[in-house]
1. Give the order of GLU98, GLU131 when sorted by the count of other beta carbons within 10 angstrom, beginning with the fewest.
2. Can you sort ASP90, ASP121 so the residue with the fewest Cβ neighbours within 10 Å comes first?
3. Once you have the Cα-Cα distance between GLN60 and ALA118, take 0.36 nm times their residue separation minus that, and quote the gain in nm to one decimal.
4. What is the projected area of the convex hull of the Cα atoms of segment 42-151, averaged over all directions, in nm²?
5. So how do LYS94, LYS124 line up by other beta-carbon neighbours within 10 Å, fewest first?
6. Which one of LEU61, MET109, TYR134 is farthest out on the positive end of the charge dipole of segment 42-151, using unit charges on Cβ (Lys, Arg +1; Asp, Glu -1) and the Cα centre as origin?
Amino acid sequence: MKRNASQVAFQATLVAVMVAFLSAIFFANANLSFAASSKKKSPAVAKISAVAETEARIKQLHGALNITEDQEELWNNLTQVMRENAKDMDALTKDTAENAKTMNAVEQMKLHSRITEAHLDQLKKFIPPFEALYSSMSDGQKKTTDTIFRTGKHGKNKTN
């Protein structure tokens, strides 16, 4: 089947428009996320934020989940992974924070990729001790845990 020149030109134009459209969306989102992250936090805050936020989160969760004496060992296993993950993330952000302002678009995308891979690796380390702790919980603790993870709200059995 032979195509005429106008059919080929139309398809090529359609592909070019789609690529331009998707690229515009992609780069706009990438640019906004970098702009938002770089304007909200100073490098010093970003440097300590993962560890500091993790310590605060551990303290909040321990109280909100009413960890029992029998669950302390499982809790300690989980918090050890949380702390290690926070230190790893701080190391990653420290290594890149100094160069972030001079990175080109490709380097920024590679940075996002490394951060995403680090998050995935951290989740893979987090899930086994979390699952062990969760399976040891009472129904009330599980309900609270589910609410916290679903909504991000701390406290006893908040549902909104």
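We did not get these values from a lab; they are worked out from the coordinates using the rules stated. Note that the coordinates shown come from a computational prediction; the quantities given were computed from them, not determined experimentally. As a convention, Cβ positions derive from the backbone with ideal geometry for all residues, glycine included, and neighbour counts pool all protein chains shown.
1. GLU98, GLU131
2. ASP121, ASP90
3. Length gained between GLN60 and ALA118: 18.5 nm.
4. 7.5 nm²
5. LYS124, LYS94
6. MET109
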